[in-house]
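Enquirer: Sharing a structure below in structure tokens format, with a few things to ask.
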Amino acid sequence: MTPLIEARTLGKVFPMGGGPVHALRDISLQMCAGEYLTIRGPSGCGKSTLLHILGCVDTPTSGSLLFDSRDVGSLADAERSEIRLRSIGFVFQRFFLLPMLTAAENVDVPQAEAGVPKADRRRRTMELLEYVGLAHRADHRPSQLSGGEAQRVAIARALANRPRLLLADEPTGELDRANGEHIAELLDRVQSDGTAVVVVTHDGALAERAPRRLLMRDGRIEQEEFRR
Amino acid sequence: MPIRRAVIALTCAVTAALSAILASQPAPLPEVLVSRQLMEAQHLQVGDTLRLSSAASGVDPHVYRIVGEYEPTPDPMRLGAARLEVRMHLPDLLAVEANPQNPLDGETVDAINVSVTNEGAGSDVARRVSGAIPGTAAQRTSDDQRRAAPFVVLERFHLAIAIVTVLASSVFLLALMLMLVDERRATVGVLRLIGFRRGRILQHVLAEGVVIAITGAVFGILLSIGMEGGINRFFQWRYDTALVFVRITPSVALRSIAIAVPLGVASIFASSWSLLRAEVFALTRR
């Protein structure tokens with residue numbers, strides 16, 4: 001089976017005033033479609049940097065990344081944007097919903113950019129808001145939603161163009177326990193519906209839900225666990 | 001024949017009588033026009049008589065009858081000066097100015113204005129007069145450098161003010177756009193994460209810039225048109241003149257739009273460019 005993501009000896013160095021910082025060192029990783037992977041590690045160990053590179057947001061300074069057999073390093077910025085638009089969904093700790101738009105409009109934006117016809121967009125948007133249990137909040141703006149609701153809208157937006165990969169950076173970081181549990185269950189559902197999921201988290205309980213878990217330290221994968 | 005003689009005699013008698021009557025009537029007063037300002041200052045009315053003298057003491061005055069009021073031609077060089085003026089026929093003016101001791105004085109003039117029926121022929125007439133009468137300088141009034149000089153200075157002054165205003169406004173607009181764009185840092189970051197291309201976001205930004213610039217220019221023009229009457233009325237009252245201080249013409253409006261729109265778009269483009277060049281993950285990080 002062809003891996004969805006194949007990272008080969010990835011390295012990332014940030015040039016800083018006090019000397020270069022090695023955020024990632026020699027990271028190799030393969031991930032298939034529909035797989036669920038969590039990444040844990042102390043702050044500054046390179047988890048988010050790895051997530052950004054896997055999400056075609058950032059590029060490695062060494063090594064290579066293949067996304068669906070395409071070498072991301074050789075792609076132009078516009079082509080990487082196209083991959084993000086159609087194949088990758090992002091969920092962040094701080095939700096990053098567009099504050100001037102309603103929940104439904106936030107879910108509509110990526111579809112509109114992808115050129116989905118209006119009627120199909122409306123249908124898909126309502127389907128996704130029902131999926132995350134927020135159809136009744138479609139016309140509310142982010143400021144009118146609770147943290148848990150905002151994160152569910154962010155997940156709906158991330159799934160708008162039926163991505164093959166969902167990347168979540170501390171998705172429960174700003175939520176209470178009950179809402180965190182709700183989001184964790186939603187991510188389980190997304191994965192069981194066939195989307196590959198990568199979650200970066202400090203939350204041990206959330207990390208334990210994934211069948212495959214990475215522990216990172218000092219820019220390296222220190223430990224990899226599989227649960228049968 | 002006797003009848004004819006009688007008629008001739010009667011005609012002569014009537015003519016002689018009329019001549020005697022007319023000779024006994026006083027000569028009609030010379031007519032003058034008086035400026036609105038002088039009419040108001042001296043509470044004069046059409047039909048009043050006016051005594052004018054070339055001497056400050058008012059000695060040996062000439063008497064005129066006011067037949068009308070006129071608004072003096074506005075002159076920026078005489079802004080603030082009270083236009084207490086009278087317009088009279090050239091012989092009357094010469095009579096006022098003439099020195100009784102010098103019989104030729106009434107025949108001398110320094111300059112006269114001649115109106116030509118064909119405006120376009122003014123230069124040709126001036127050239128022919130200058131050539132035909134040695135020692136005479138003839139020129140079109142519009143070619144008079146002394147008259148045009150104040151307007152040239154004024155125009156340059158206006159141009160300098162306009163350039164400084166446009167430059168200062170551009171800097172202000174750029175600063176405003178930088179703040180506006182910086183406030184949208186996270187929004188741009190989210191759009192880039194979602195998969196919007198730089199060019200696509202730039203399109204949105206430029207479209208917004210064009211709308212803002214056109215709206216601003218139109219607002220500015222409408223505001224200027226709205227204020228034009230008020231400004232003119234205030235300064236015309238302040239300096240008691242008919243001079244037009246502000247005039248928003250279609251050409252001025254078009255020039256304003258032609259300057260404002262590219263400047264507005266350039267400002268928003270310049271302020272957005274740094275944001276769009278930043279790494280995507282840097283935009284969502286504070």
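For every residue, the table says whether it meets (1) free of Cβ contacts under 8 Å to residues at least 24 places away in the same chain; (2) in contact with a Cys (Cβ under 8 Å, 6 or more places away or on another chain); (3) surrounded by 18 or more Cβ atoms within 10 Å (Cβ to Cβ); (4) more than 14 Å from chain A (Cβ to nearest Cβ).
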| site | (1), (2), (3), (4) |
| --- | --- |
| B:Ala149 | yes, no, no, yes |
| B:Val166 | no, no, no, yes |
| B:Leu173 | no, no, yes, yes |
| B:Val181 | no, no, yes, yes |
| B:Arg197 | yes, no, yes, no |
| B:Val210 | no, no, no, yes |
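Enquirer: Follow-up. Taking helices (runs of 4 or more DSSP H) that do not extend beyond segment B:114-216, which have at least 1 residues that are farther than 30 Å from A:Phe95 by Cβ?
Expert: Counting at least 1 such residues, we get B:122-132, B:145-183.
Residue by residue, here is whether (1) of a type outside the set (A, V, I, L, M); (2) in a strand (DSSP E or B); (3) within 14 Å of chain B (Cβ to nearest Cβ); (4) surrounded by fewer than 23 Cβ atoms within 10 Å (Cβ to Cβ) holds:
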| position | (1), (2), (3), (4) |
| --- | --- |
| A:Arg25 | yes, yes, no, yes |
| A:Leu29 | no, yes, no, yes |
| A:Glu79 | yes, no, yes, yes |
| A:Ala112 | no, no, yes, yes |
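Enquirer: Turning to a different aspect of this structure: Identify the single condition in (1) surrounded by 20 or more Cβ atoms within 10 Å (Cβ to Cβ); (2) closer than 21 Å to A:Phe67 by Cα; (3) in contact with a Gly (Cβ under 9 Å, 6 or more places away or on another chain) that A:Val199 does not satisfy, given that it satisfies every other one.
Expert: (3)
Enquirer: If you go through segment A:92-109, how many residues are part of a loop (DSSP other than H, G, I, E, B) and closer than 16 Å to A:Met126 by Cβ?
Expert: Matching residues across segment A:92-109 total 2.
Enquirer: Residues of segment B:184-195 being more than 7 Å from chain A (Cβ to nearest Cβ) and either in contact with a strand residue (DSSP E or B) (Cβ under 9 Å, 6 or more places away or on another chain) or of a type in the set (Gly, Ala, Ser) (or both), which ones?
Expert: Across segment B:184-195, the qualifying residue is only B:Gly189.
Enquirer: What about B:Ser256, is it part of a helix (DSSP H, G or I), surrounded by fewer than 16 Cβ atoms within 10 Å (Cβ to Cβ) and assigned by TED's automatic domain parsing to the domain that holds B:Gly189?
Expert: Against the criterion (part of a helix (DSSP H, G or I), surrounded by fewer than 16 Cβ atoms within 10 Å (Cβ to Cβ) and assigned by TED's automatic domain parsing to the domain that holds B:Gly189), B:Ser256 does not qualify.
Enquirer: Another one. Run B:Tyr239 past the list (1) at pLDDT 85 or above; (2) closer than 30 Å to A:Leu159 by Cβ; (3) of a type outside the set (A, V, I, L, M) and report the number of the one that doesn't hold.
Expert: Here B:Tyr239 meets the rest and fails (2).
Enquirer: Still on this model: So, in segment B:244-253, of the ones that are part of a loop (DSSP other than H, G, I, E, B) and of a type in the set (A, V, I, L, M, F, W, C), which residue ends up surrounded by the fewest Cβ atoms within 10 Å (Cβ to Cβ)?
Expert: My answer is B:Val244.
Enquirer: For B:Ser267, only one of the following conditions fails: (1) touching a Leu at 6+ places or on another chain (Cβ under 6 Å); (2) of a type in the set (Gly, Ala, Ser); (3) within 14 Å of chain A (Cβ to nearest Cβ). What is its number?
Expert: The single condition B:Ser267 does not satisfy is (3).
One line per residue, one yes/no per condition, for (1) touching a Phe, Trp or Tyr at 6+ places or on another chain (Cβ under 9 Å); (2) surrounded by fewer than 21 Cβ atoms within 10 Å (Cβ to Cβ):
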position	(1), (2)
A:Arg86	no, yes
A:Val91	no, no
A:Leu101	no, yes
A:Gly115	no, yes
A:Thr125	no, no
A:Ala154	yes, no
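Quick grid of which residues meet (1) assigned to a helix (DSSP H, G or I); (2) farther than 20 Å from B:Ile194 by Cβ:
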position: A:Ile155; (1), (2): yes, no
position: A:Arg162; (1), (2): no, no
position: A:Leu167; (1), (2): no, no
position: A:Glu185; (1), (2): yes, yes
position: A:Asp188; (1), (2): yes, yes
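Enquirer: Moving on to the next point. Could you tell me whether segment A:97-109 includes any residue that is more than 14 Å from chain B (Cβ to nearest Cβ), farther than 25 Å from A:Glu35 by Cα and either touching a Cys at 6+ places or on another chain (Cβ under 9 Å) or not hydroxyl-bearing (Ser, Thr, Tyr) (or both)?
Expert: Yes: one or more hits.
The values are calculated or read from the model by the stated rules, or taken from the named source; none is laboratory data. Computed from a predicted structure; not experimentally measured. Note that we place each Cβ from the backbone using ideal geometry, even for glycine, and neighbour counts take in every protein chain shown.
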